[in-house]
Every structure is written in C-alpha cells, then in structure tokens.
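What follows is a set of notes on a single structure, which appears directly below.
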Amino acid sequence: MDTDQLLSQAEQLWNHFDQYPWLGAITGLLVLLLVALLAGRLARFLILHASKLLARQPALFWLEDLRHNKVFNRLAQMVPSLLVQFGLVLVPELSDKAEHFLRNLALAFTLLSLTLALSALLNALLDLYARTPHARTRSIKGYVQLAKMLLYVFAAIVIVATLIDRSPLLLLSGLGAMSAVILLVYKDTLLSFVAGVQLTSNDSLRVGDWIEMPQVGADGDVVDISLHTVKVQNFDKTIVSIPTWRLMAESFKNWRGMTQAGGRRIKRSLHLDAGLVRFLDAAEEQRLAGVRLLTDYLGHKQAELRQWNAEHKAENGPSANRRRMTNIGTFRAYAEAYLKNHPQIRQDMTCMVRQLQPGAEGIPLEIYCFTGTTNWLEYERIQSDIFDYLLALLPEFDLALYQQPAGNDLRQGLQALSQRLPSQSPATPTPEA
C-alpha cells in the first residue's frame, strides 16, 4: 500500500468525523481516558518509588506508615480524574451539557479519591501514635473513628451535590430538618463518643487493664478501645465486645490499682473445728516455747498473764477466774508471725490474721495479707504454699479443720454404734384375739 492510498483512507476517515460529530467526540473521550489511565499508572509508579527511597532516611520513618496505609495509592488515583476534568476542553465536538456532566462526574471521583486518601492518612496517624508512650494510657482510636465518620458524611454530601449540580448547603438544610431521625440513628454513636471522652479524660480505662464486668461476662484484659466497642480478652481466650457507653452507664472493676501497687491481696479463711478449742496446759506452753516464731510471743504473754492473775489474786482460785492461753489464740499468733517473716509477703501493706464470726462451718480464721508480686502464677503458688504449711501445722496445736461428715463417715459411725449395742432377739408376735 503506497502513500497515496494511506492519505486517501485518512481523508475518508476525517470525512466520517465531519459527517458524524458524535463519533469524533467518542473517539476523543476514549483517547483522553486512555491517556488519563496511563498517566495514573505512571504517577503511582513514581510516587511509590519516590516514597520508598525517602522512607529509608531515619528522619522520614513516618513515610513507611503512609505507604503501609496506602495514602500514596489513594493520591495517585486522583490523577486520572483530574486529567479528565481539565482535559475535556480538548475533546472536539463535545456539547456543553455533556462536558458539564462529565466534568462533574470526574470531580466526584476526585473528591472520592481525596476522601479515601484522608481516611488512610488518619489510619497512618493512628499507627504513628500507637508507638508513642502516651498510647498506653490514652487511646485515640475512638476519636479517629469519629473523625472518619464525619469525613465520610461530609464527603457524601459534597459528592452527591456535585453529581446533581446543586449547592451542598441545600442538602445540609435538608439534613437539619431530619435532625431527629439522625439523632435516633446515631444514638449509640453519640453515647459511645461521650462515654469514650469521659473514660479517657478520667483515665478510667486503658488498653492492657484487667477489668471485671460480670453482667456482660467480661473478666480479662482490655485489648482494644474503639468508638463503639471495647474488646476484652477473657482468661479463657474468648473475646467479649462491650458497648463503650455501658462502661459509663454500669459499674466495672479495674485491677490496675493492684498492678501499680505491686502487691496482690490474699484473703482466705481456715474454718477450724470449734469443738477442739481449749486452754493450753503448762507442758504444752513449755513445748511451744521452743518454737522460734513463738518464743517472744509466749514469753511476753506469760508475763502479762502472771501479772494480771497476781493483781486479781486468781492463781489459786477457780480456773474460770484465771486468764490462760488458748490453742487457737496461740496458733493465730504463730500464723501472724509466720506471715511477718515470710520473704514474699509485703510488710508495708496490711498483714494480719483475724478471727471472724463463728458459724455452722466452724470458726473462720482469716489470713489477710499482700504478696510481693502481682503475677498470677506466682501469686497462686505463694498462697498455696502458705495454706499448705498452716494446714499441716494445725495438729501441733491440737486443732483441725471443720469438715462436714460425708456419707461414708455416717455409715462407719452407725456401724460402730450397732456393734456396741447389745444384741436383741426379735419380738414375739402377739396372737390375734
């Protein structure tokens, strides 16, 4: 095919464009769209590679967070719509109405890409804040989510106003008339936002806090605080999502104070058999005086009792008139001395052994103290060691735990009773009259 034929075909093609103007407009739009897509690809390639090179600089480490949250990808998506928006004037044979509609459509896509870029920027700022020391005590995730929600609402209004070629104020005035409906729809959001502000400002809740909220089945560590929910991972590894507003409307227990104090409380009772409580005789007092933790106590107590009995002339009178030491009181003194000398019990916190109100399960002797660690495993080990030792020591004071009789205990007691009773012959039946 020679040059004359090519020129002839080109002339015929231009004649078709002159004959059908819409064909030229469609061709121009396709060419503009193709150029815009290629320019978008090129802009994305250049922006991503430039940000990757700059992110290697220590002072520009934050660029990596922007790349991870695809901020640059969203910005590059604005290039095609911007080229279409400003390149429509170059498309031949395009009517004013079509150009106006397509420009509004391209502007709507530009606004959408800008909105997504701003949303990604907020996510990047949240990631940057999460690495700061303040993130452990102040969570801004709820504020970021609220800002994104407002951004989406505002962007939706502007985009819709652009597409219908109306002022955004017109749509805003319509939303004002629907304020009651909006408040009803976003009731939980508003309540959660206010609750989140109060929780943060009062420092009532932090990520990592151990909280208890039995009414919602929460007993574990806070792993996430967002606008609408607070996620708690229970100790059985289940996740409980609590509406944020419920943490202000209802009560919950926060164990942060225990962690900050560095000591965890032991509060458990030994229920002693009341039938074994008695006075100590002289031989037992002498034997127990050899116990290291009781030497000072018994020496001081014996001198106090001798002085009191001498002052009241009760040495030779009835035993009820004399003051004497009891096995339960001596055991209580030993348990308290044992805790005072325990290396893993905090001595700067309350430490005591007290007797509670006797009841149907014996006499409760309560151990009240604080361990020197808040670690759960260590706490349970220390507590178990203390009670293992005290339980094993009870026979030294002629004491025992109260324990309700089991079925086997009753059976053995009845068998022993039946063996002690004399055998009886069966009664002779009375003859009928």
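Nothing in this text is a laboratory measurement; each read-out follows from the coordinates by a stated rule. No experiment lies behind these values; they were computed from the predicted model shown. All Cβ positions, even for glycine, are placed from backbone atoms using ideal geometry, and neighbour counts span all protein chains on display.
Can you pull out the GluC sites (Glu not before Pro) in segment 329-428 whose DSSP state is coil and whose Cβ has at most 16 other Cβ atoms within 10 Å?
Working: sites: Glu336, Glu361, Glu366, Glu378, Glu380, Glu396; in loops: Glu361.
Taking segment 329-428 and a limit of 16 other Cβ atoms within 10 Å, the loop GluC sites (Glu not before Pro) found are Glu361.
From a point 7 Å beyond the Cα of Asp188 in the direction of its Cβ, which residues of segment 139-171 have a backbone N at a distance under 17 Å?
142, 145-146, 149
Nearest 10 degrees is fine. How inclined is helix 376-393 to the longest principal axis of the chain, computing both from alpha carbons?
Compared with the principal axis, the helix lies near 10 degrees.
Quick one: what are the phi-derived ³J(HN,Hα) couplings along segment 325-339, Karplus 6.51/-1.76/1.60 with θ = phi - 60°, whole Hz, x for glycine and proline?
7, 10, 5, 6, x, 5, 5, 4, 5, 5, 4, 5, 5, 4, 5
Can you compute the helix-only [θ] at 222 nm over the chain? Use -39500 (n - 2.57) per DSSP H run of at least 4 residues, normalise by all residues, nearest 500 deg cm²/dmol. If you can, show how the numbers build up before the last one.
Values: 17 runs with 245 residues, N = 433.
Helix contribution divided over all residues of the chain: -18500 deg cm²/dmol.
So what is the relative contact order for the chain, in percent, with contacts set as C-alpha pairs under 8 Å and at least six apart? Let's see the in-between values first.
Numbers: 480 pairs, mean separation 43.6, N = 433.
Relative CO of the chain lands at 10 percent.
Taking the Cα centre of segment 146-278 as origin and charging only Cβ (+1 Lys, Arg; -1 Asp, Glu), how large is the dipole, in debye to the nearest 20? Before the final figure, lay out the partial values.
Details: 14 positive and 11 negative charges, 87 e Å.
Once rounded to the nearest 20, the dipole reads 420 debye.
For Thr244, Thr326, Thr189, what ranking results if the residue with the fewest other Cβ atoms within 10 Å of its Cβ goes first?
Thr326, Thr189, Thr244
Please give the net charge around Gly142, taking every other residue with its beta carbon less than 14 angstrom from that of Gly142, where Lys and Arg add +1 and Asp and Glu add -1.
Working: positive: Arg138, Lys141, Lys148, Arg206, Lys231; negative: Asp188, Asp224.
Computed value for this residue: +3.
What is the local net charge at Leu63, summed over the other residues whose Cβ is closer than 10 Å to its Cβ (Lys, Arg +1; Asp, Glu -1)?
Computed value for this residue: +1.
Pulled fully out, how much extra length does the chain show between Ala59 and Gln198, if you take 0.36 nm times their separation in residues and subtract their Cα-Cα distance?
On the way: separation 139, 0.36 × 139 = 50.04 nm, distance 3.55 nm.
Separation in residues times 0.36 nm, less the Cα-Cα distance, equals 46.5 nm.
How much net charge surrounds Asn123 when only the other residues with a Cβ under 13 Å from the Cβ of Asn123 are counted, with Lys and Arg +1 and Asp and Glu -1?
Values: positive: Arg67, Lys70, Arg74, Lys141, Lys148; negative: Asp65, Asp127.
That works out to +3.
In whole Hz, with x marking every Gly and Pro, tabulate ³J(HN,Hα) for segment 65-70 from phi via Karplus 6.51 cos²θ - 1.76 cosθ + 1.60, θ = phi - 60°.
Calculated HN-Hα couplings, in order: 5, 5, 5, 5, 8, 6 Hz.
Could you please rank Val89, Val84, placing first whichever residue has the fewest other Cβ atoms within 10 Å of its Cβ? Mind dumping the intermediate values first?
Details: Val89 9, Val84 23.
By the 10 Å Cβ count, ascending, the order reads Val89, Val84.
Which order results if Trp255, Trp210 are arranged by neighbouring Cβ count within 10 Å, fewest first? Present the calculation step by step, with values, prior to reporting the outcome.
Details: Trp255 14, Trp210 18.
Taking fewest neighbouring Cβ atoms as first place, the list is Trp255, Trp210.
Note down the magnitude of the dipole of the chain about its Cα centre, charges +1 on Lys and Arg C-beta and -1 on Asp and Glu C-beta and zero elsewhere, to the nearest 20 debye.
Details: 42 positive and 40 negative charges, 223 e Å.
The dipole of the chain has a size of about 1080 debye.
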